[in-house]
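Any read-out appearing in this document is the output of simple, stated calculations on the displayed coordinates, not a laboratory observation. Predicted, not measured: the structure shown is a model, and the values here were computed from it. Cβ coordinates were reconstructed from backbone atoms using ideal geometry, including for glycine residues, and neighbour counts include every protein chain displayed.
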Amino acid sequence: MARAQAEERYDFATLPDLLRPGLRLVLVGINPSLLSVEQGHYFARKTNRFWPAFTRSRLSAPARAALGLETLGPEQDVSLPACGMGFTDVVKRPGNEASALKPADFQEWAPLLVRRLERYRPLVACFQGLMAYRPFVQYGLGQGGAREARLGPQSPRPGGTHLFVVPNPSPANAHFTPADQAAWYDRLADYMAGLREAG
């Protein structure tokens, strides 16, 4: 299947943006891990809880049905844009520790994510963790109050895109179990259903 991606090209190895017009959902990570870049897929580390939680959730049901699969994994990321779901990151420069990112990284990259959202105008962009969302609001949207942001739906609408935050699926985020993570994806599915009904 052809890889859907934005026109941006990077002068270093990173994951391509799996974006196209007409997406219902874009899943936004903080930055790619070196392992994910090496393997060429989002959330490729086996201990990351994204794919197991996503698979368990109602959010993935349309994609599982369309692809004829019971379980989704990193290798399905390239197929999901055809199912209305894409992927990107706040910061495209890869690394092994998101905590190593500096304000300058977000100052450089968050405005570029705003431009991607304004260009592709997905219905919803879902940030994987507040560590991804808060600097996006501060440096990308230039808005205060990012420190007070909590999980769930958010008020900014860049390009008309609704924003939603779920817990970071990294295994280092021990405050949330895999079941908690799946429940947050279920909440996102319900939120998106409500937007469609209201729309």
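Some values worked out for this structure:
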quantity	calculated
Per-peptide average of other Cβ atoms within 10 Å, ordering 101-111, 53-63 highest first	53-63, 101-111
At R0 = 35 Å, FRET efficiency that the Cβ-Cβ distance of Ala174 and Asp11 yields, to 0.05	0.45
Neighbour-count order for Glu118, Glu197, fewest beta carbons within 10 angstrom listed first	Glu197, Glu118
Three-way shape label, segment 122-199, alpha-carbon gyration tensor, a/c 1.5	oblate
Descending semi-axes in Å of the chain, equivalent ellipsoid built from Cα gyration tensor	22, 20, 18
Extension gain from Glu197 to Arg20, taking 0.36 nm per residue of separation minus the Cα-Cα distance	61.4 nm
Stretchable slack from Lys46 to Arg147, in nm (0.36 nm times residue separation minus alpha-carbon distance)	33.3 nm
Exposure proxy order (Cβ contacts within 10 Å, fewest to most) of Glu75, Glu70	Glu70, Glu75
Which of Met131, Met85 has the fewest Cβ neighbours within 10 Å, and the rest in rising order	Met131, Met85
